[in-house]
Every structure is written in C-alpha cells, then in structure tokens.
Amino acid sequence: MSEPPSGDAPRKKRATLRDIAALAGVGTATVERVLNNRGNVRPETCRRIVTIARDLDYFPSLPSLHRGVLRIDVLLVRPETLFYTRLSNAFERLAASLGKDIVIHRSFVAEHDIADFVSRIRHAPHRRAALILACPAHPDILDALREMAIQNLPIIQLITRNLPELPYVGIDNHAAGRTAALCLTRTLTHRPGALIALCHSMAYANHRERIDGFSDFIATRPYGAHFLSEVLFDRDDPEEAARLLHQAIIENPDLVGVYTAGGDNLRIGDVLRRHADRQICWVGHEVNAITRVCLTDGIMAFAIDQSPETQAGLALHACLQRLGIIPSLIGFEAPKFRLVTPENLD
C-alpha cells in the first residue's frame, strides 16, 4: 500500500493535562492547579510542570483575547555605554526568539530629555500592550508612569526601581553597595584609610541605593579603620570619571580604595595604572571587555555583575505573565548579582 501524500499527513495531536502529569510525575489535578495559577503547589513542582508544558507546546502562542500582533515597548537610556548596549542586545536576541505575533520595539531616549521620556511613556506610535523601561527618577516621568498604570498598561521597571507600587526586575542594589564595601574593607584589613565612590548621579534610584548601601556598611564598621571620604558624580562620562579619580588620588594621600557604582568603567583602569605605586583597591560593577582585562591584570579586585541578559529575560517573562500569555509561577525569584574575581572569570 502506498503512503498517503505528505499533505494528507495527520496533524500532531495536542498535549493534554494527562500527558503533562505523566511526565511530571504528578496528578492531573496538580497540573491543572499550576497551569491555572491556583496556588498550593511547591515552587519546584510548578517550574517542572510549566517547563514540560512548554516543551510539549501546550500553551498557544497567544490567547484569544490577544488576537493580532502584541507589541511590547522597551525604553532604555545611554546606548553609548557598554552596559546598556549589552542589555539592548539581550532584548534583540529575545525578540528574534519570539513568534510573529509578539513584537518587541526597542528605543533609546536621551536621559536629559525629560519631555521626550514623558511623551514616549504616554504615547506610542502603535497599539502598545505593555512597557518595559529603565529611566531616571524625575517627577514628571514618575507622574506619567502612574498615569499609564491607572489606565491598566502593564509596566515593568528594569534595572532601577522608581515606584514601589509597580513591578520591578533588577538586583538588590542596596545589597550590592554593601557587598562592595565588604570587599574593600576585607581586602584592605591592614591598610586603614579613605575610600571614595563614583557614580552617575543621584538621578537613578539604583545608584542612590548602591551608594546608601556602601556608606551604611562603612559607617557601621567597628574601629573606624576606613571612612567614606566623598562621593563623586561623573554622569557615566569616562573622561570625567578619569579626571575626578585622578584628582582625588593626587589630593588625598590617605586614599586606599575606590568603588565605582556605575556600569561604565572605560578609563578607571587607566588612571589606576598611572598611580600603580599607590596600590589602590578597586571594586566596580559589570563584567565587560574592559573590566575583564582589569580583573586579569589585578587592577580591579572585584566586579559586581548584574547579568543584564538574565534581567531582560525575566522582565519579558514578567511582562507576558501580566498580559496573561503565560501563567504566573509560584516563587518567582528576583535576579541575583554575581561577585566576579580573576579566579571565576568565564
């Protein structure tokens, strides 16, 4: 008997709750509870069930209430920095992995142009389903975010948390600052002296929280072996950061450590190499081509990397949950930062 033409091949049978339950080793009632977000199921079981359901293509690409193309806006700042380039590239890869019915629109906004930021939050050039953004904590921007949230637009704050009532995907920045202070003081146990911190400004909540965490830790240390001499604002300008650091080293003979709370460290290593005889200990943020070299040659002691690729993925995941595209997982974990040394560079 001849085989039927390929066009007459039977369609693949859609997976059932029983199929998922069998692979997950649980009952169908448990699967139903997880996929309908009814709770009372252990987090690890939830994750296993959802993973199996996705592998079996149990979820449709979009539920019926989202017919047509679903558009998600991503608003970012400072495309010239290594960190935001890395974050943007992560969203680009995510966009390429989605089906044709979900589109991610990435845009960069000049951080000083508050009016443009407000306009882009309030008005999209297309029918927008959700918004993911990293932005300064300007009152006009915050008012615009509240206004759109009242209109039931799903909004995910990324990297920096400005409004506590809106979802946030990002690291614990206060803990990151405390970790930086711990690393410096432990490394400099036998070298008391002054510490300085550099960051963009106080326009971003994440930088404020890092500096607060850093200074809080230093202030509570016994014996007062180290003290925070000053916080310098460089607006993430590599040349300005280099100038400020060089000046601080020249003017402060007691300086033994520096914490860079921003994500762009293009010239910090150059300055510290010029003053190598001072043996100043440096702790900063993000692993990139520049900090890799600084870690390898000993100029940088520790890097606190917040894995923007992971944050982009979690932000999109949270966004799709808010839209009802995928079920909410019990025990959703916030992203963690990594403490990177010359010994664990990958």
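The values are calculated or read from the model by the stated rules, or taken from the named source; none is laboratory data. None of the values given here were measured: they were computed from a predicted structure. Methodologically, a virtual Cβ is constructed for each residue, glycine included, from the backbone with ideal geometry; neighbour enumeration extends over all protein chains shown. Only protein heavy atoms, including side chains, enter the accessible area calculation; ligands, DNA and RNA are left aside. Shrake-Rupley method; radii C 1.70, N 1.55, O 1.52, S 1.80 Å.
Against the definition (open to solvent by 30 Å² or more (accessible area, probe 1.4 Å), farther than 19 Å from I268 by Cβ and out of contact with any strand residue (DSSP E or B) (no Cβ under 9 Å at 6 or more places or on another chain)), how does R208 come out, yes or no? Walk me through it before giving the result.
On the way: open to solvent by 30 Å² or more (accessible area, probe 1.4 Å): yes; farther than 19 Å from I268 by Cβ: yes; out of contact with any strand residue (DSSP E or B) (no Cβ under 9 Å at 6 or more places or on another chain): no.
Taking the combined requirement at face value, the residue does not satisfy it.
Where strands (runs of 3 or more DSSP E) fall wholly inside the range 92-207, the ranges with 2 or more residues that are more than 30 Å from L255 (Cα to Cα) are 102-108, 130-133, 155-158. Restricting the range 220-276 to residues that are β-branched (V, I, T) and at pLDDT 95 or above, the residue that is most open to solvent (accessible area, probe 1.4 Å) is I250.
Can you find even one residue in the range 54-70 that is touching a His at 6+ places or on another chain (Cβ under 9 Å) and at pLDDT 80 or above? Checked against the condition, which is being touching a His at 6+ places or on another chain (Cβ under 9 Å) and at pLDDT 80 or above, the range 54-70 yields at least one hit. V103 fulfils the conditions (1) open to solvent by less than 30 Å² (accessible area, probe 1.4 Å); (2) modelled with pLDDT under 95; (3) not aromatic (F, W, Y) except for a single criterion, (1). So, A301, is that one of a type outside the set (S, T, N, Q) and within 15 Å of the chain's Cα centre (by Cα) or not? No: the conditions fail for A301.
Restricting attention to the range 249-284, which residues are under 25 Å from E209 (Cβ atoms) and of a type in the set (A, V, I, L, M)? Once the filter is applied, which keeps residues that are under 25 Å from E209 (Cβ atoms) and of a type in the set (A, V, I, L, M), the range 249-284 yields L255, V256, V258, A261, L266, I268, I280, V283.
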